[in-house]
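A short worksheet on the structure shown next.
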Amino acid sequence: MKALLCYTIIFGTNPLTQIVHGRKLSYLDPGGLTRRTASFRIRDIHPSHYGRIFPIDTSEGINVGLIGSLAIHTMLFLDYMDISLDA
């Protein structure tokens, strides 16, 4: 509980952490993948990910390859609207 409280204080005072956490990706879903059912094939980097997903910034342990970050100049197209995520 103390670590979580410390984390929320840092999150509230450091504007860079807000940018980093806004660019996180997760393959985990309540109705889909779980940490235990995700295979190595899903966790591996597909060639189409280059330039879109930052392959170095990933979680460690059981979440490796399941939680990552977007690349610097990644653009998302949602509902036919262009959303730029440039920091």
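Quick note: the coordinates plus some simple rules give every number you see, no bench work behind them. This is a predicted model, so every value here is computed, not measured. Here Cβ is always computed from backbone atoms with ideal geometry, including for glycine, and neighbour counts include all displayed protein chains.
Kindly put F54, F40 in sequence by how many other C-beta atoms sit within 10 Å of each C-beta, fewest to most.
Least crowded to most crowded, the residues run F40, F54.
At what distance in nm do the modelled label points of V64 and L33 sit from each other, each positioned 7 Å from its Cα along Cα→Cβ?
The two pseudo-label positions are separated by 1.5 nm.
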